[in-house]
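See structure below.
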Amino acid sequence: GGWLLLQNCHLGLEFLSELMDTITTTETMNEHFRTWITTEAHPEFPINLLQSSIKFTNEPPQGVKAGLKRTYSAVTQDHLEVSSMPQWKPLLYAVAFLHTTVQERRKFGPLGWNIPYEFNQADFAASVQFVQNHLDDMDIKRGVNWSCVRYMLGEVQYGGRVTDDLDKALLNTYARVWFGEHMFMENFCFYKDYVIPKAKTVEDYLQYIEQLPVTDTPEVFGLHPNADITYQTNLANETLSTIMSIQPKDSSTGGGETREAVVQRLADEMLEKLPPDYNPHEVKAQLEKMGAIQPINIFLRQEIDRMQHVISQVRTTLTDLKLAIDGTIIMSEELQDALDNMYDARIPKLWFRISWESATLGFWFTELLERNQQFSSWLRDGRPNQFWITGFFNPQGFLTAMRQETTRMNLAKGWALDSVVLQNEVTKMMKEDVVGPPPADIGGVYIHGLFLEGAGWDRKNSKLVESAPKVLFTSLPVVHVYA
């Protein structure tokens with residue numbers, strides 16, 4: 001009649017089938033017996049065990065109001081009065097606000113944090129305990145040691161999880177702006193209308209939290225209002241792709257063309273437009289003509305090899321898919337995936353693994369043609385005046401090759417690769433305005449295809465500005481990168 005607790009079951013998936021058999025084949029069971037399973041979401045978790053269970057998920061609440069409400073629901077009156085210092089209650093509320101903010105920023109993806117961190121209740125509890133201990137040991141004449149509080153919150157309690165330098169800078173900025181003697185002043189607020197309430201009891205705090213807005217503008221967390229458009233778009237895309245993935249996959253769609261006929265027509269069109277394979281002998285001959293041991297030409301060779309791999313894979317998949325639809329060969333799991341994804345205008349997994357991200361199959365295929373065009377014209381006509389850097393598989397490798405090339409040109413001056421660094425200058429030219437390579441005395445390359453997210457570009461004064469309302473991406477002019 002007791003409870004059996006099995007934790008972290010995503011680490012022992014084989015055992016779960018055994019568990020399912022035990023539960024289904026046991027004839028007599030005490031009616032008070034329960035099996036409680038904890039797990040992370042996992043695609044291979046046995047579906048029948050999931051369906052026969054009562055499911056309970058524990059996720060951080062959405063929004064400042066819900067986050068603070070959850071935090072203060074767990075705070076007791078005794079905890080609120082654990083310290084007699086006047087700074088205790090405002091500091092507790094500020095740590096709770098910080099905790100909600102760091103969790104809430106995760107929903108904005110890379111705009112919120114470069115790396116999504118698993119901030120949880122333990123971080124909050126440890127921070128509160130530290131603040132309490134600090135106030136207990138405090139010298140009343142000297143007051144709170146703010147540099148210590150900021151360091152502990154920004155570098156240790158929350159910062160201990162953070163590995164990215166810019167994320168660390170963001171956390172330390174929150175600690176600096178929100179924690180200090182100024183937080184006890186009348187005019188202090190986290191953001192307009194988000195203040196530290198002058199409350200005495202838990203009920204007072206909960207009453208104040210209750211009147212906060214249900215949805216928060218991204219500016220509360222220090223983000224531009226456009227961040228909300230990105231979040232809503234991603235959320236809508238995720239919801240729609242979930243709906244698409246659970247659509248029935250039977251072949252007849254009640255009148256009109258069948259799924260197979262639609263995909264077969266699409267496969268014919270794609271095969272017709274697909275570029276021919278690269279001839280390895282021609283590639284080798286052209287590269288030797290251009291200087292096969294130059295770093296940038298070695299880079300081109302590597303890019304062409306990867307491009308050829310994508311073209312071959314696309315050709316093979318499309319040809320096999322047509323044969324499978326005709327019934328000439330058996331429809332494998334990979335071909336079925338290609339059929340389902342192509343019908344939904346998404347990129348088949350097999351292609352996605354060896355290529356690049358794109359919103360739809362149409363955009364992906366257009367990009368394949370454009371990327372291939374850049375490589376084949378470079379091979380045919382020699383080095384271009386400017387490069388579409390976002391059309392490379394390995395843009396980092398391209399910049400490294402350019403550094404190596406500049407170093408070799410300056411060997412006589414004693415340049416060493418380790419001490420050569422990249423510099424860049426955003427020019428006033430758009431890609432149509434480029435008529436020649438960069439000046440020979442500086443060298444380097446012109447690149448285009450870069451976008452700013454969450455900022456705008458003032459072309460006249462060559463500087464970053466706030467992005468215009470409802471504009472998510474701003475195209476940058478041509479950038480001159482040199483070493």
Checklist entry - Which members of segment 139-178 meet the condition of being part of a helix (DSSP H, G or I), surrounded by fewer than 15 Cβ atoms within 10 Å (Cβ to Cβ) and among the acidic types (Asp, Glu)? => result 165
Next on the checklist: Out of 265, 259, I need the residue that is over 22 Å from the mean Cα position of the chain (by Cα), among the basic types (Lys, Arg) and open to solvent by 40 Å² or more (accessible area, probe 1.4 Å). Which one?
Outcome noted: 265
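Conditions (1) of a type in the set (A, V, I, L, M, F, W, C); (2) exposed (fewer than 12 other Cβ atoms within 10 Å of the Cβ); (3) in contact with a Leu (Cβ under 8 Å, 6 or more places away or on another chain); (4) in the same structural domain as residue 96 (by the TED database), marked per residue:
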residue: 240; (1), (2), (3), (4): yes, yes, no, no
residue: 245; (1), (2), (3), (4): no, no, no, no
residue: 272; (1), (2), (3), (4): no, yes, no, no
residue: 284; (1), (2), (3), (4): no, no, no, no
residue: 294; (1), (2), (3), (4): no, no, no, no
Checklist entry - When you go through (1) within 30 Å of residue 396 (Cα to Cα); (2) in contact (Cβ under 8 Å) with a residue 40 or more places away in the chain; (3) in a helix (DSSP H, G or I) one by one for residue 275, which number turns out not to apply? => result (3)
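Looking only at segment 58-76, which residues are in a loop (DSSP other than H, G, I, E, B) and either exposed (fewer than 15 other Cβ atoms within 10 Å of the Cβ) or touching a strand residue (DSSP E or B) at 6+ places or on another chain (Cβ under 8 Å) (or both)? Can you show your working first?
As a first pass, look at segment 58-76 and keep what is in a loop (DSSP other than H, G, I, E, B): 58-63, 74-76.
Across segment 58-76, the qualifying residues are 58, 59, 62, 74, 76.
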Checklist entry - When the residues of segment 116-138 are filtered to those that are closer than 25 Å to residue 67 by Cβ and among the charged types (D, E, K, R), which remaining residue is most open to solvent (accessible area, probe 1.4 Å)? => result 118
Next on the checklist: With the requirement that a residue be touching a residue at least 40 places away in the same chain (Cβ under 8 Å) and either touching a His at 6+ places or on another chain (Cβ under 7 Å) or open to solvent by less than 50 Å² (accessible area, probe 1.4 Å) (or both), what does segment 179-205 give you?
Outcome noted: 179, 183, 190, 194, 196, 197, 199, 201, 202, 205
Checklist entry - Would a scan of segment 7-24 turn up a residue that is open to solvent by 50 Å² or more (accessible area, probe 1.4 Å), assigned to a loop (DSSP other than H, G, I, E, B) and either aromatic (Phe, Trp, Tyr) or closer than 24 Å to residue 242 by Cα (or both)? => result no
Checklist entry - Quick check: is even one residue across segment 454-467 within 29 Å of residue 304 (Cα to Cα), surrounded by fewer than 18 Cβ atoms within 10 Å (Cβ to Cβ) and either modelled with pLDDT of 95 or more or of a type in the set (A, V, I, L, M) (or both)? => result no
Checklist entry - With (1) of a type outside the set (Val, Ile, Thr); (2) open to solvent by less than 20 Å² (accessible area, probe 1.4 Å); (3) closer than 19 Å to residue 388 by Cβ; (4) modelled with pLDDT under 95 as the list, and residue 307 as the residue in question, which single condition is left unmet? => result (4)
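The values are calculated or read from the model by the stated rules, or taken from the named source; none is laboratory data. Because the structure is predicted, anything quoted here is derived from the model rather than measured. FYI the Cβ positions are ideal-geometry reconstructions off the backbone, even for glycines, and counts take in every protein chain you see. The protein model used for the area step is the full one, side chains on, heavy atoms only, and it has no ligands, DNA or RNA in it. Shrake-Rupley method; radii C 1.70, N 1.55, O 1.52, S 1.80 Å.
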